[in-house]
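Every number here is computed from the coordinates shown, using simple stated rules; none is lab data. All values derive from a computational prediction rather than experimental measurement. Reconstructed Cβ throughout: ideal geometry from the backbone, glycine too, with neighbour counts over all protein chains shown.
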Amino acid sequence: MTLQEVTIPAPREITTEPRRSDKVFRAVVTSGGVSSLVILGLIALFLGYRGFEVLRQEGMGFITHSDWSITTDDAGNVVESHFGLAAMLVGTILCSLIAVVIALPVSVFCALFLNFYAPTWLKKIMVTIIDMMAAFPSILFGIWGFLVLMPSVEYWAKLLHRYLGFIPAFDMQVPVYTRSPFVAGVVLAIMIIPIITSVSREIFSQAPLDRIQAAYALGATRWAMIKAVVIPHGRSGVIGGAMLGLGRAMGETVAVFTVLNIVFQINWQMLLGAGGNVASLIILKFGDASPYEIKALMAAGLVLFLLTLIVNGLANLIVKTTGKSGR
Amino acid sequence: MTTTVAPTMPWKASPRERATDTAIFLVALLSSYTTVAITPMKGKLAYFAVFFIAYALLTAIFKAQQRGSAAAKDALVNSLVAIGAIVTVIPVISILATVLKNGLPGISFGLFTHDMALATPTDPLSNGGILHAITGTLLLVAVALVLSVPIGILTALYLTEIKGRFTGPIRFLVQAMSGVPSIVAGLFILSAVLYPITKAYSGLMGSLALTILMIPTIARTSEEVLNLIPNDLREAGTALGGTQWRTVAMIVLPAAKSGLVTAIILGVARIAGETAPILLLTGGGDKVNPNAFNGPMGSLPYYIWKSFNAGSPEAITRAWAGLLVLVGLVLILFTSARFLGSRKAAK
């Protein structure tokens with residue numbers, strides 16, 4: 001037996017310290033992860049910075065007045081300017097509220113249908129269709145809404161005015177039905193139905209199965225079961241979904257611009273063809289805006305950004321907390 | 001001796017019940033027809049609405065007589081739920097039908113081989129085409145992809161692999177970011193890049209805005225996909241002596257590959273038709289521009305917008321044809337994302 005030369009490898013270093021590759025990896029991934037924070041911060045910062053001059057000059061008037069005018073002398077200097085968003089903000093809120101009021105019941109019923117009524121094959125097809133609808137570009141909804149939907153919506157608006165005109169919201173002095181907030185609201189409703197439906201569907205599908213079966217075992221009809229189990233479980237989640245839809249409706253630009261007639265006057269009469277919308281204002285005025293007016297548009301963008309951020313943030317909080325309690 | 005008894009199926013509708021159901025259906029149909037005939041209500045929607053109200057009420061009343069108020073409410077909700085589903089689907093069918101009907105006359109071979117450099121939207125349809133718009137959209141999307149895919153996937157990796165101190169806030173912010181209106185993203189690039197730095201419209205500006213809109217979609221979908229990768233795989237990688245970097249790069253990401261592709265495709269579908277930031281930032285050229293970093297860049301949404309606003313019948317047909325191409329593109333992307341996603345789920 002011959003002695004064999006054995007090389008014993010040096011013991012491996014045992015450490016909890018991450019390797020250099022891991023340190024680099026973690027740093028890169030973390031910086032990527034923080035980018036959303038950075039981008040959101042930069043958006044607020046830059047829009048605020050550009051719009052600061054206008055915001056300071058107009059003060060609170062920027063959101064409480066509703067005239068939008070700028071006068072320049074021949075050299076292009078600003079002589080006088082008034083920028084107020086009140087009419088646009090009212091219009092934005094009015095349109096998106098109409099949209100949510102129309103879309104919410106439709107979406108909730110549709111989500112109930114998908115979860116508790118539809119056979120599996122139909123459910124699969126419909127879920128695909130609804131997801132597809134969410135991916136349609138907004139310009140498609142806008143042009144379709146203008147050329148196809150508007151004539152029939154106008155017709156129904158006339159009926160609403162004739163038979164329900166005693167309700168202030170449906171009242172109007174001048175019979176102009178074209179391009180009203182109501183039409184914009186209906187187009188927006190169609191755009192947000194997929195969002196509210198899929199959020200509600202998700203929440204409803206988390207309803208505890210044992211309680212559903214208990215309700216059926218006690219002889220409940222399908223509606224009685226839904227009322228006793230599903231609705232109490234999903235109520236706040238559906239509200240969160242509706243708010244997500246509201247946030248989406250508030251920020252919608254092209255679709256609303258195509259169907260809405262923008263007028264710088266506060267108008268709560270939803271059937272009258274005169275409305276406002278912050279996002280559409282930006283598109284409308286951008287084309288021939290002077291540098292100073294662009295600053296005002298930046299400030300308007302900031303207002304819109306903060307508004308949607310708040311609505312979306314609240315909505316996500318509500319959806320998240322119910323999602324957890326459901327499990 | 002055995003007796004065979006025909007199985008009874010009490011839950012199945014008896015011939016009599018079926019007859020009454022048909023009768024209710026016919027009565028509702030008839031009443032909708034007569035209501036539309038005598039009242040001032042007109043149009044397909046009127047038939048639809050009256051029919052459903054009549055049907056819902058009739059079934060409810062019938063059930064109330066037969067089985068009491070609980071059954072009546074149940075029947076009423078049955079009808080309501082069906083209405084909800086139908087109302088959701090009708091716009092999709094209507095949109096697809098009108099786009100096909102109005103867009104097909106504008107589609108020709110020349111449309112895909114010419115640009116609008118020598119034509120205006122109001123010209124006859126044989127002049128000009130959408131070559132510049134298609135190449136423009138492809139370039140915009142390509143540059144946006146290069147920028148957003150790394151950031152989106154890194155964000156998802158941070159949320160699933162590192163799970164550091166900021167996980168909660170970042171998840172919240174990514175969701176908030178998906179709600180940023182597209183016009184605000186456009187204004188942001190305008191104020192932060194276009195005015196102070198480049199001072200000229202170009203495809204890149206549009207792509208930057210699209211990147212902002214695309215990151216949250218990619219990040220959220222990728223996060224879901226990465227969460228589905230079983231933890232055993234990560235532990236196995238670590239147990240074999242792999243560092244976290246190697247585990248993620250060699251095991252987790254390859255395992256999630258098709259899901260990540262789905263996430264990217266969904267992101268592209270989300271931005272392919274974005275219009276508002278494109279209108280603010282790209283300048284919308286009418287010529288094929290192969291350089292995304294210089295010069296105005298045409299794109300499908302811009303072309304549709306411009307043609308639609310030109311207003312003449314030819315221009316509107318152009319807009320519909322552009323929409324048909326755009327919708328076709330989005331549907332192809334969407335279907336391939338679905339296909340990849342379902343194949344992964346089947347495994």
Under the Karplus relation 6.51 cos²θ - 1.76 cosθ + 1.60, θ = phi - 60°, what is the ordered set of whole-Hz ³J(HN,Hα) values for the stretch A:230-244, x standing for Gly and Pro?
6, 5, x, 5, x, 4, 6, x, 5, 4, x, x, 4, 6, 4
Counted charge near B:THR243, where neighbours are those whose Cβ lies closer than 15 Å (Asp, Glu -1; Lys, Arg +1)
+2
Over the stretch A:87-326, what lengths in whole Å, largest first, do the semi-axes of the equivalent ellipsoid take, defined as the square roots of 5 times the eigenvalues of the alpha-carbon gyration tensor?
36, 21, 16
Hey, if you drop one equal point scatterer on each alpha-carbon of the protein assembly as shown and run the Debye formula without solvent, what base-10 log of I(q)/I(0) do you get at q = 0.06 Å⁻¹?
-0.40
Within the stretch A:29-48, what residues put their amide N at less than 18 Å from the label point 7 Å along the Cα-to-Cβ vector of B:ARG165?
A:29-38
Helix A:20-58 against the longest principal axis of chain A: what's the angle in degrees, Cα atoms only, rounded to the nearest 10?
20
Could you please tell me the mean projected area of the C-alpha convex hull for the stretch B:19-105, averaged over all directions and given in square nanometres to one decimal?
7.3
Considering only the other residues whose Cβ falls under 15 Å of the Cβ of B:LEU194, what net charge follows from Lys and Arg at +1 and Asp and Glu at -1?
+3
With point charges of +1 on the Cβ of Lys and Arg and -1 on the Cβ of Asp and Glu, referenced to the Cα centre of chain B, which listed residue (B:VAL268, B:ALA239, B:PRO91) lies farthest in the positive direction of the dipole?
B:ALA239
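How big is the charge dipole of the protein assembly as shown about its Cα centre, in debye rounded to the nearest 20, if each Lys and Arg gets +1 on its Cβ and each Asp and Glu gets -1 on its Cβ?
Using Cβ point charges on Lys, Arg, Asp and Glu, the protein assembly as shown gives about 2140 debye.
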What value in Å³ per residue do you get for the convex hull of the alpha-carbon atoms in chain B?
280
How large are Rg and Dmax for the stretch B:132-298 when only the alpha carbon atoms are used, in Å?
18.0, 58
Between 0 and 90 degrees, rounded to the nearest ten: what's the tilt of helix B:44-67 against the longest Cα principal axis of chain B?
50
Over chain A, with a Gaussian network built from C-alpha contacts below 10 Å, which listed residue (A:ASP67, A:ASP22, A:ASP171) shows the highest mean-square fluctuation?
A:ASP22
Count the net charge of all other residues whose Cβ sits under 13 Å from the Cβ of B:GLY284, scoring Lys and Arg as +1 and Asp and Glu as -1.
0
So the compactness index of the stretch A:187-304, its C-alpha Rg divided by 2.2 N^0.38 Å, takes the value 1.58
How far is it, in nm, from the label point at A:TYR49 to the one at A:SER31 when both lie 7 Å from their Cα along the line to the Cβ?
2.0
Placing +1 on each Lys and Arg Cβ and -1 on each Asp and Glu Cβ in chain B, then taking the dipole about the Cα centre, the residue among B:PRO10, B:GLY259, B:ALA315 whose Cα reaches farthest towards the positive end is B:PRO10
If you build a Gaussian network model of chain A, linking Cα atoms that sit under 10 Å apart, which residue out of A:MET172, A:MET60, A:MET150 swings the most?
A:MET60
Compute the Rg/Rh shape ratio of the stretch A:121-160: radius of gyration over Kirkwood radius, all on alpha-carbon atoms.
1.18
What residue among A:THR72, A:THR30, A:CYS95 has its Cα farthest toward the positive end of the dipole of the stretch A:12-109, where the charges are +1 on Lys, Arg and -1 on Asp, Glu, each on the Cβ?
A:THR30
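Could you work out Rg/(2.2 N^0.38 Å) for the stretch A:21-83, with Rg from alpha carbons only?
1.93
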Three principal axis lengths of the stretch B:219-344 [C-alpha, angstrom, descending]:
68, 33, 20
